[in-house]
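All remarks here apply to the structure that follows.
The values are calculated or read from the model by the stated rules, or taken from the named source; none is laboratory data. Everything quoted here is computed from the prediction, not taken from an experiment. Cβ placement follows ideal geometry from the backbone for every residue including glycine, while neighbour counts extend to all protein chains displayed.
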There are 2 protein chains.
Amino acid sequence: MIAVDANGADSGVATVAEGARRSGVPVILFGPAAELDGPSAMIDLVDAPVAIGNHEEPARAVRAKPEASIVQAAKAVAERRAGGLVSAGATGATLTASLFHIKRLRGVHRPAIAALVPVPGHPTLLLDGGANVEVRPEHLVQFAHMGAAFMEAVHGVRRPRVGLLSVGEEAKKGTPDVVEAHERLAAGQLNFIGNIEGRDLTAGVADVIVTDGFTGNVAIKVMEGTAEMLARVSAAAVRGSPLSALGGLLIRGRLGDLRRDLDPDTTGGAILLGLRGVVVIAHGGAGSDGIANAIRLARRAVDEHMVERTAAALELSGALRSAPAASFAPAHD
Amino acid sequence: MIAVDANGADSGVATVAEGARRSGVPVILFGPAAELDGPSAMIDLVDAPVAIGNHEEPARAVRAKPEASIVQAAKAVAERRAGGLVSAGATGATLTASLFHIKRLRGVHRPAIAALVPVPGHPTLLLDGGANVEVRPEHLVQFAHMGAAFMEAVHGVRRPRVGLLSVGEEAKKGTPDVVEAHERLAAGQLNFIGNIEGRDLTAGVADVIVTDGFTGNVAIKVMEGTAEMLARVSAAAVRGSPLSALGGLLIRGRLGDLRRDLDPDTTGGAILLGLRGVVVIAHGGAGSDGIANAIRLARRAVDEHMVERTAAALELSGALRSAPAASFAPAHD
């Protein structure tokens, strides 16, 4: 069972509900019952009309609105009524509700948003995609271990290549924090390939790319914006003459397949790593297929025991906050 | 007269010399005479075979190698034998040699690398592109004033729209330094449009985009890498069937024009703002046309009195380090 927050998607509550239906996964939908169809075989419904918006301060709003859909959905995971959570609403509210109720894995400094970069043929995980605008070196090291564990567990990549995003390949390039993280990763057990640069994000040279949440958020959105800009200006250029317009018609089918591969909706969204449960942040602009893919991604992460495997990898890594001897207790087993 | 460092370009010394010839601008070329043709009507030659590489620590190398081509070229600008400097060599060495010899404008905290983002129809200046991997809010505010002055002086944009790169549009989004820079810019005299996100970099919504040198460097390279990846996978997709391959032939001419607009070589390179002279950092991978465009950009910045106008704008801005009453003395008038 996956808990789905119906509020907050740009495309509205009905689109999220339609995505839940299309996913083929049993879900509990938290949203305004007045705008939703009744429950069905696959869909439980919890009336939760209150939403938390992007403009609200997340910690305050999550505390002040226990009845909000995202808070109720996170509690459903914490109380093991659901195995995972999907929301296309405000990222800050999803992160905060998850931290408060689902909670961090023991020894994890900070959860990170892990996003799959759509490089055809080379799925590349970038984290942090925006959960932490400021990080310390030990956070970056944990992100590396969490990202590698995710790519092994959910995407079947053996000994994932881990790169550290910086402004040059040399170990000394970057901020002091990045330089220190480089040293620690180079001395550690991961398959660390060193610093990579912005160009390498889409080059398929790494399976996991580690960075702070400010740079990671900007990088992902620059990539999306550049792809949109190029599609727009290319289409305009091709329409500019009758001959090239004909050419444009002839290539449309092939490029359509490619466009689907590159569409952020296809990957389903980003996943929060470092929590005691599966949380997927769907693209705010996702359509119903995007929501369906996000729900399927959450289901796969639950089925593949992503949380347990990430926790086990962290235990072995020596990168935990206080190297606890006791094991963890995930919220959703 | 523009001082050109012939060393350090990926494509070699001869390509830089060819670029100098093509530029149509009088230059002094600093490089290994053994690999260069003799002087001509437009080209003076200074034998300077020593180069500073990307792997060297810039401050140490610039001090230890006064005979290096980039150091000699910077001195030529400082001593007013040349009006501006162009290099496709190691950015760190160019920046350091410029700081040591051409020097900062009075009251400027840090020079910034300003790069024109190739958005067709909407030239957009992004700074800092990598000179300062860590910045304080007052640095970001100065970057905004310097970038706006450049777009007015060299690109004729009236009251340039200035955006601050962050992870959300709201004033409170971003690191504490970004939030503080936002407050100061909102209270200032520039045409400040607030925070912009990574997607907006290529959307033509701002004329000047301000960020730290780490994020800026990553953003520019992500943009380049994404464009390359899309060109590569699109070409492969189009070649995949005979019909679409024919379509590809029909659109080739129109897309060729577009590719030229998007080529980093077309803009000539990035410019260092905040110095007492014009310094252009050509793309390391520039061909001879890219070098020629970089030299023409330097010449235009000299002709348009970019340094004096940037200095005057900074004086008026109240954003100088110690609000001096005395005026500055640029190195190249």
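Structure notes:
- Single condition B:Lys221 does not satisfy, out of (1) free of Cβ contacts under 8 Å to residues at least 12 places away in the same chain; (2) more than 8 Å from every other protein chain (Cβ to nearest Cβ); (3) among the charged types (D, E, K, R): (2)
- A:Arg276 vs. criteria more than 10 Å from every other protein chain (Cβ to nearest Cβ) and of a type in the set (Lys, Arg): yes
- Only one entry of B:Arg321, B:Arg232, B:Arg254 meets the criterion of being more than 21 Å from B:Gly92 (Cα to Cα) and in contact (Cβ under 8 Å) with a residue 12 or more places away in the chain, and that entry is B:Arg321.
- Among (1) surrounded by fewer than 22 Cβ atoms within 10 Å (Cβ to Cβ); (2) touching a strand residue (DSSP E or B) at 6+ places or on another chain (Cβ under 6 Å), the one test that A:Leu273 misses: (1)
- Selection of strands (runs of 3 or more DSSP E) fully inside segment A:153-236 by the criterion of at least 3 residues being touching a helix residue (DSSP H, G or I) at 6+ places or on another chain (Cβ under 9 Å) and crowded, with 23+ Cβ neighbours inside 10 Å returns A:161-165, A:208-210.
- Filtered residue count, segment B:51-70, keeping only those that are in contact with a Ser or Thr (Cβ under 9 Å, 6 or more places away or on another chain) and crowded, with 16+ Cβ neighbours inside 10 Å: 8
- The numbered conditions (1) away from chain B (no Cβ under 12 Å); (2) at pLDDT below 95 are all true for A:Thr96 except (2).
- B:Glu169, sole failed condition from (1) within 14 Å of chain A (Cβ to nearest Cβ); (2) touching a strand residue (DSSP E or B) at 6+ places or on another chain (Cβ under 6 Å); (3) modelled with pLDDT of 95 or more; (4) within 29 Å of A:Ala231 (Cα to Cα): (3)
- Qualifying positions in segment B:141-165 - within 14 Å of chain A (Cβ to nearest Cβ) and either closer than 19 Å to B:Arg309 by Cα or out of contact with any Leu (no Cβ under 7 Å at 6 or more places or on another chain) (or both): B:Gly163, B:Leu165
- All positions within segment B:197-218 that are among the hydrophobic types (A, V, I, L, M, F, W, C), within 20 Å of B:Thr267 (Cα to Cα) and at the interface with chain A (Cβ under 7 Å from one of its Cβ atoms): B:Leu201, B:Ala203, B:Val218
- Evaluated against (1) crowded, with 24+ Cβ neighbours inside 10 Å; (2) farther than 18 Å from B:Ala301 by Cα, B:Ile113 falls short on exactly one condition, (2).
- Residue pairs meeting the criteria (Cβ under 6 Å; at least 6 apart or on separate chains; first small (Gly, Ala, Ser), in segment B:157-168; second assigned to a strand (DSSP E or B)): B:Gly163/B:Ile193; B:Gly163/B:Ile196; B:Gly163/B:Ile209; B:Ser166/B:Asn195
- Qualifying residue in segment B:60-80 (condition: within 14 Å of another protein chain (Cβ to nearest Cβ) and either of a type outside the set (Val, Ile, Thr) or under 18 Å from B:Leu273 (Cα atoms) (or both)): yes
- Just one of the listed residues (A:Ala148, A:Ala131) is crowded, with 21+ Cβ neighbours inside 10 Å, in a loop (DSSP other than H, G, I, E, B) and within 17 Å of the chain's Cα centre (by Cα), namely A:Ala131.
- Verdict on A:Leu85 being surrounded by 24 or more Cβ atoms within 10 Å (Cβ to Cβ), closer than 20 Å to A:Ala286 by Cα, in the same structural domain as A:Pro32 (by TED's automatic domain parsing) and modelled with pLDDT of 95 or more: yes
- On the stretch given as segment A:206-229, residues that are at pLDDT 95 or above and of a type in the set (Val, Ile, Thr) total 6.
- One residue from B:Ala329, B:Ala319 being farther than 23 Å from B:Val71 by Cα, in a loop (DSSP other than H, G, I, E, B) and modelled with pLDDT under 85: B:Ala319
- Of the residues making up segment A:237-251, those that are out of contact with any Gly (no Cβ under 6 Å at 6 or more places or on another chain) and either within 8 Å of chain B (Cβ to nearest Cβ) or not in a helix (DSSP H, G or I) (or both) are A:Ala237, A:Gly240, A:Ser241, A:Leu243, A:Ser244, A:Leu246, A:Gly248, A:Leu249.
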